[in-house]
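Right, one structure below, let's go through it.
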């Protein structure tokens, strides 16, 4: 099952000097469906105003990709089991640090999904955890990274 995914990344210097390294890191991502998203380096890496604080940075995009992939598998598996999900919210967090080779890298992403189901159809904690486990095992993005991805599901009372 080979499939190509495409994105076009565009940056333009404009009239700013370049070799002094004080150029804007703002750029855009355009996806195959036509959506263009403002992107930039992380303000934690390159200070504002050289970074664009309101744009998506690669680190955030990686965390969001992991969370989104996990969620999509979770929702599919829940639906296949006849479980209705009304709301899914994940407060995912990625941590940058030094990897085993001493390079700065994403070293951990923690997903903290909270799932809300309609009144009478509340799944058990065990059922939710099993669905999250299946989703994690199936997630293409989680299977593609070499750092720890933890799932700390929040189970509402």
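The values are calculated or read from the model by the stated rules, or taken from the named source; none is laboratory data. The shown structure was predicted, so the numbers you read here are calculated from the model rather than taken from an experiment. Here Cβ is always computed from backbone atoms with ideal geometry, including for glycine, and neighbour counts include all displayed protein chains.
The condition of being in contact with a helix residue (DSSP H, G or I) (Cβ under 6 Å, 6 or more places away or on another chain) and surrounded by 13 or more Cβ atoms within 10 Å (Cβ to Cβ) holds for only one of 93, 155, 115, 107, that being 155. Considering 80, 25, the condition of being free of Cβ contacts under 8 Å to residues at least 40 places away in the same chain, assigned by TED's automatic domain parsing to the domain that holds residue 133, under 29 Å from residue 148 (Cα atoms) and out of contact with any strand residue (DSSP E or B) (no Cβ under 7 Å at 6 or more places or on another chain) is satisfied by 80 alone. When restricted to residues that are outside any loop (DSSP other than H, G, I, E, B) and exposed (fewer than 11 other Cβ atoms within 10 Å of the Cβ), the stretch 8-50 contains 3. Would you confirm, using the coordinates I've provided, whether residue 50 is closer than 22 Å to residue 137 by Cα and touching a residue at least 12 places away in the same chain (Cβ under 8 Å)? It is false that residue 50 is closer than 22 Å to residue 137 by Cα and touching a residue at least 12 places away in the same chain (Cβ under 8 Å).
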